[in-house]
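Structure first, then comments.
Readers should treat all values here as calculations from the given coordinates under stated rules, not as data from a laboratory. Predicted, not measured: the structure shown is a model, and the values here were computed from it. Every residue, glycine as well, gets a Cβ built from its backbone with ideal geometry; the counts of neighbours run over all protein chains shown.
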Amino acid sequence: MSSHPKDADGFYRLAQLDQVPDEDMLQVMMEDDGVEVDIALAMVDGQLYAFRDICPHMAFPLSIGYLEGTKLTCVGHAWTFDIKSGRALMPPIKKNLALYETKLDGENNVWVKVDPLF
Ligand code: FES
């Protein structure tokens, strides 16, 4: 696992923007204060998203799932989520994704703050 620089605001530099595939996902493994965290980065309609790469059902990696717009289908048991809101889409599922805040710098580096937004 490569090390990822952390800035003063708590964002980690995880990738170059052109590494994030269009309408698809990239898995990045990183450490946050010594704890391994798998992150999925996704690009949909020119918008960058980041979320924990672990399905809240039975922990399959979400980045090997399928995207249709912002609707993500997990390959494990086909639960679906909206990566924009983090919400589970199939009632009665109530476990949402952990979304992360992202930002870009002037060199098109993708930075992610690992604290969950919700
Ligand atoms: S592990 Fe994702 S739906 Fe079961």
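The table that follows gives values for the structure above.
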{"quantity": "Kirkwood Rh, Cα atoms: Rg over Rh of the stretch 11-112", "calculated": "0.96"}
{"quantity": "S85 versus D9: modelled label distance in nm, points set 7 Å from Cα along the beta carbon direction", "calculated": "2.6 nm"}
{"quantity": "In range of the label at Q19: residues from the stretch 79-115 whose backbone nitrogen is under 20 Å from the point 7 Å along Cα→Cβ", "calculated": "100-115"}
{"quantity": "Sequence-separation-based contact order of the chain, relative, with Cα cut under 8 Å and 6+ spacing, percent", "calculated": "23 percent"}
{"quantity": "Distance (nanometres) between label positions extended 7 Å along Cα→Cβ at H57 and K94", "calculated": "1.8 nm"}
{"quantity": "Per-residue Cβ neighbour rank within 10 angstrom, fewest leading, M90, M25", "calculated": "M90, M25"}
{"quantity": "Qualifying GluC sites (Glu not before Pro) in the stretch 1-110, DSSP loop, other Cβ atoms within 10 Å at most 12", "calculated": "E23, E107"}
{"quantity": "Neighbour-count ranking [beta-carbon atoms within 10 angstrom, fewest first] of I54, I83, I64", "calculated": "I64, I54, I83"}
{"quantity": "Chain lengthening between K71 and E31 when straightened (0.36 nm per residue, less Cα-Cα)", "calculated": "11.7 nm"}
